[in-house]
Structure formats: structure tokens, C-alpha cells
1. Arrange the following residues from fewest to most other Cβ atoms within 10 Å of their Cβ: E442, E431.
2. Working out 0.36 nm times the residue gap between N634 and Y524, then minus their Cα-Cα distance, what length gain in nm do you get to one decimal?
3. By how many nm would the segment from A394 to Q211 lengthen if fully extended, with 0.36 nm per residue of separation less the alpha-carbon distance?
4. Assign one of three labels to segment 471-632, namely rounded, prolate or oblate, based on the Cα gyration tensor with a ≥ b ≥ c the square roots of its eigenvalues; rounded applies when a/c is under 1.5, prolate when it is not and a/b is larger than b/c, and oblate otherwise.
5. Using a ≥ b ≥ c from the Cα gyration tensor of segment 414-462 (square roots of the eigenvalues), is it rounded, prolate or oblate, where a/c under 1.5 gives rounded and otherwise the larger of a/b and b/c decides, a/b for prolate?
6. Would you work out the charge dipole size for segment 439-554 about its Cα centre, treating the Cβ of every Lys and Arg as +1 and the Cβ of every Asp and Glu as -1, and quote it to the nearest 20 debye?
7. What percent do you get for the relative contact order of the chain when only Cα pairs under 8 Å and 6+ apart count?
8. What nm value, rounded to one decimal, do you get for the distance between C643 and V26 when each label is placed 7 Å out toward the C-beta?
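No lab work stands behind these numbers, since they all come straight from the coordinates. Computed from a predicted model, the values in this text were never measured in an experiment. Neighbour counts are summed over all protein chains in view; Cβ atoms, including those assigned to glycine, are modelled from backbone coordinates with ideal geometry.
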Amino acid sequence: MEQGPVLTGGRRLLRRLRDIMAGSGVAQERLDQTVKLIAADMVAEVCSAYIMRAGEVIELFATEGLRREAVHRTRLRVGEGLVGAIAATARPLALADAQSHPDFAYRPETGEEIYHSLMGVPILRGGRVLGVLVVQNRTLRNYTEDEVEALQTIAMVLAELVASGDLVGPGELASADGNAVLPLRLDGIRLNAGLACGTAVLHEPRIVIHQVVAEDTDLELERLAKGVDEMQSAIDAMLEAKDIADGGEHRDILETYRMFAADRGWLTRIREAVRSGLTAEAAVQRVRDDNRTRMNQISDPYLRERLLDLEDLANRLLQHVAGKAPTTAADLPDEMVLIARSMGPAELLDYDRRRLKGLILEEGSPTAHVAIVARALDIPVIGRVKDILAKVEAGDIVVADGDNAQVFIRPGDDILQAIEANLQMRRARKETYAAIRSAPAETVDGIRIALYLNAGLQLDLPHLDDTGAEGIGLYRTEIPFMVRDRFPDVDEQADIYRRILDQAADRPVTFRTLDIGGDKVLPYLPEAEEENPAMGWRAIRIALDRPAMLRQQLRALLRAAAGRRLRVMFPMVAEVAEFVAAREVLGVEVRRAEARCLPLPAEMRIGVMLEVPALLWQLGSLLPEVDFVSVGSNDLMQFLFACDRGNPNLAGRYDPLSPAMLSLLAELVRQCDRHKVPLSLCGEMAGSPLEAMALLGIGFRNLSMAPASFGPVKAMVRSLQLAPLEQFLAMHIGAPDHSLRSKMSGFAHDHGVVI
Ligand code: PEP
Ligand code: MG
């Protein structure tokens, strides 16, 4: 195969580097020879290696071109000067005129004032910065991307020298890494509530690359090709696995993944890296690290998700190439807490759900796909836990406390005992919930309450049987859209809805049409820049402005529900006219199906979500139009109190148990009763036993909640005597209090209600 001069030149340099590394002499001498070689090869007047020391300091260890006396004297804090900036950001920097850069910090002892251009790259190993490698030129030189890449490759070789512990002792390296054996508590953000204790499993077991420079490039290309083949076969096998072949979102996720695994651009870049002289493992790692750097610079959620998938694949490929098959179920502990920098939803689904007790991520946001899937699996998830991967070792005992967004690593006996007691209490509670599974959701005074589940993935459906729920009170159709990489067409959508209806069997499912916008971002739809996205172009507003999207969705729903019952509701409606217009779009689709003699649903109910307060003053004209109303208390609260539901500074500031919210809901109950329109509530309020109790007290008889809330709410219902609560609430609802919470708790306590 023909190769260009850059390629063969790069390979020659790598060979010479390898010879230096393998040669005799102490580590410092080898480092000195290395910087000399690089300076000559890259036609740079200066080449310097800076190494990370304990205390976040970076020290000049070797130089060709700067003053010798500066070696081991020049030290910079991480973040200080250009070298410190490279260490802090772990990103390369190439500047033709370095001295005019705002981060430039002049060190007189080095004599570097005469050098104008600078190119520096981090010396990375396992994602950690071990040092910085820099070249400098006297003239204004524009370093090319190829040159930056070449220097990154050399830095990989140097990383092995630093990691050997001969330059800086292993003890100091470890402390610079922040590793500790002491118990630790780390904070993050709550992505899903719950508590779990288990053995830490690192999602990407660190593959330590022992050989960076190839002995035989053709052999490395063969090893790479074999690894790629194995990885692709493993993904095919995953797709054929029984529970995935049956369909559902896992399949769609993995199909996308399979597509990426064959991405020509990605594979070509890895092959190029091998041709430049690296081993197959080192090449995969190089391309992965490049992607990581790019990811940090990209805010577009679609591109970020794609890069995350590629990162994920790179890790798999690395394991196949290194001959270390990805961890199989047999190697995993029975009770595991999974720890990852970030991960794709498909990867999470790879783990045995029975063993997976919790998930901790260094990155992650509440809308990340992996968080959505983890919620359906009902495990605690904590995100944005800084540096967790540097601080935990596989096999450590880890506690994931999703309720308080905390992680305990190697907890002491006192913490473990407290956690164990708490877990036991939760287990006992779960058992009582399971015991009342088949018992009716009926109050002590014989009032029947209809309890439903909220769902959004097929994974949620088995909870119908586990809980004994009456059906799905809110199916958030945007969630299956959010875990895909492109807009599902009518056939695909119909397939999703049909599967949901099949699994629900004769239990009703209320499909809410797409509620996108606000915090619900579809990675493939361009995000509009909005000052106030929650009050912006979202849900029904998008649907009415882009009727084709709504029509496709309604067509898919009609098709999926042919011969069955179809319940549809429209989100974020602010005026009756919007509801009427959306219903008319459904009418168009019904007439279209009739004209084509397509089978239609046996029965249709069309409802509205009450989330925007304006609708409360249109009930007289709204209620005669709708088949049912469902209160979205999350949005209703935020608009009623002008209080962003996602702002942590405002969390808890206003209370759903406030006289304002309860009075408004009580009036809604009266009006719906008068118009004989079924009413339910499907926001978070329905899932908390105390709030649910108050809702029953003001007349709600129909609630829909997340699966994890079902047991606690049902236990509350079965311990409640409704008549005294109604009287109690009637007495207090007009109080000038901030909240009726303490009065409600008092009532529950005095009347033996299980809260
Ligand atoms: C709500 O607003 O209460 C609701 C159920 O909708 P979502 O939480 O999906 O916005
Ligand atoms: Mg809402």
C-alpha cells in the first residue's frame, strides 16, 4: 500500500521513540533524548516536557531549546499560563502568536521571550492529565492539524514513560490522580430517587495500553480488522438476543448503534492512526480522545449524543482489540452500582437488570437518554459527580443515595449500618405493597379510587402487572422519540403504540401527543433559541404550527388502535380554540382513513391536559367539548406561581398543598362534576401519598403516577377514611397559610393514614 511522506515520516519518528523508551539509561535521560528528537523532527527550536506533580503543579522536566537551569525550577499551577491552560482543559493548543494570548505567562528563567509560536498537547493516560508536551518556534508558525495530531501521538508514548513511575514516584502520581483509600462522600445531582448499596463496577474498565508504537503495521491493521469484526458480531448477537428481537426501544437503540459501528469515517480515522505507526489499541484510543475533545466543544445535543455513541463504541472496540472481551454477566457482582463517565442508553440495557442496583455518572442531565431509561428500570441515578472515576476502584463498596444526590465510597461501618437499616425498611415496605397488589384501591369508607401509571417506554409496561394498576393514565409519547436518533415515521410510530396497547391488553392507555420543547429536546430537531423555553414554542403550539408532525402521530395512533379503544390528549392547551383545532386535525385523519376504508378504533376519547391557568377561565366553553380532563400539576404549579419547575433555587418555595392550588383544583372538580366530564391528575402531585390524600379530600377519584409511587399511594388510599378528611379540608382550604402541609400531616397522623 502506498503511503505519503507524512505517514512514513511519522512512523519513523515513532520507531525511534520506541527505541529510546526501550533503551538503557534512567528515565530522565530518556526524556531528555526524547525532547531533543522531537525538536529536530518537528523543526522546532524548542521542545519541552512538563510533568504533573502533587498539589496541582506542573513542572518543567526536560527541554531542548529553553535554558537548562529552568528544568525542575519552572513550575506552574494548573490553569496558569498556556501550559497550565492545556493541563487544565486537557486540550491541545496551537498558536502562531502565543505571546499575545491572554493566558500567556512569561517566565524569565526559561528565556522563552524570543519564541513566538507554540503548540502544546496534554500527556494523557486513562483520561487523566499527566503532563504537557510543548514545541515552540521563533518565527510566527501556523501549526497544521496533522502536526497537532502527530504531537498527540508522541504524547501517548511519553504517557507510558511517566506512568512507569520512574520520573515521579508512584506515590506522588497516585496523589496527583486524587486516588484515596479513605471513605469519601461526593455530591452530584439527582437523576432518579432511590437508595442502593453495592459493589462498584466501572463501566469502561480501564484498558492499560502497554505498547503504543507498532512493531508491524500490517499486523496491527489485521488485529484492528479482527477487533472490528468481533465487535460488529457481538452487536449483531445482542440484537438477536431473545428479549431484544421481540422489539421495543432496546431494539431501536441498538439498531442505531449498529449503524454507528459501521461508520466509515470513524473506522477510517482509526486505520489512519494505525498507519501512522500506532498499535491498534493506541489508534482506537487516539481517535476516542480526539472525539472527547470535540465533544467538550459541542453544545448541539444531537451531535453530542452521536459522539457519545462513538465513544461508547471505541471502548468496546478497545476491549475486543485488546483481546479482553467486554465484561460478561458471569463476571459481575450480584449487587452492583455502575459507574461511568457517561453512557448511552443501549449500554445500560446491556447489563443484567436484576443485578444493577444503581448508576453514578460523572456527566449526565435529567433529560439524558440514559437517565430516562434508568428511571424506567427504577434504580437510583446520580449525575455530575465530579471525578468519581478517579476516586473509585472497581470492587469498592459504594452507596448511591438518589434521594439526596450523594455517593458514599468505601463507607464506614456506621454509614453502612444506617443504609442497611434504611434498605430493610424499604424492602419491608415493598413487600407490603406487593401484598396489596390485588386488593382494591378503596378507602376505609368504601370509596373506590382509580389508580393509573405514567409511562413513556415499553420498559414501563410490565409495571402494569406488578402493581395491579387500572391502566396507563399518561403515556408520554415524546420519550420514545427522545431515545431515537431520528424522527420515527408513521409505521415506526404505529409499531411503538401498537406494542404498548398489546401489552396493556384490555387496560386503557391515554396517549398524550408530543410534548416537546421546554426541557424535552429531540436531538434531531434544531433547538430554537428561546429566552423562556418553558413558556415558549412547545407541545400543542408546535403541533398546530407544524400540523404534518401532529397528523403523522395521530395517523399512527389511529392505525395502532384499529378495532380497539383510543384515548388521546393534547398537552399545554391554553385556549379552547387550540383544543378544537387539534381535534380537527384528528378529524382530518379519521376522514382520511375512512376514505381509504382503513379500520378505525372501536371507540375514541379525546381529552385535554390542564396545565395552563388560562384554561381555568374557559371551563364553561371547554368542558362541553372534551371527553376528559387531566391535570398536569407540574406545569400548572409552575405557571400558577410563576416559578420555574427546574430551578433548584426555587425548589420547595411554593407548595402544591397551598390554599391557592388546592382551591383551584377543588373548583375544577366541581365544574367537571357539573359537566359530567371525567377528571384525573397525572403530575408528580399524584405520586406523593400526602398530596394524593389531599387530592382525594377535594374530590379527585382518578390519579396517575410513576410506577415507584404506586404502592405508597395505594397503601395510603386503603388506610384513609375519606369523609372526615373532606370535612377537615373544607374547614382549612381558605386559610391564609403558605401551605396546608403540616395540617395534612397532622390529620394523617391522627387518623392512622399510611403516609
Ligand atoms: C405535568 O406538567 O404535570 C405533566 C404531567 O407533564 P410533564 O411533566 O410531562 O410536563
Ligand atoms: Mg406538562
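1. E431, E442
2. Answer, rounded to one decimal: 37.0 nm.
3. 63.5 nm
4. In terms of gyration-tensor shape, oblate.
5. Oblate, since a/c reaches 1.5 and b/c is not below a/b.
6. Working: 13 positive and 21 negative charges, 57 e Å.
So the dipole magnitude of segment 439-554 works out to roughly 280 debye.
7. On the way: 1359 pairs, mean separation 72.2, N = 755.
Relative contact order for the chain comes out at 10 percent.
8. Between C643 and V26, the label points sit 6.6 nm apart.
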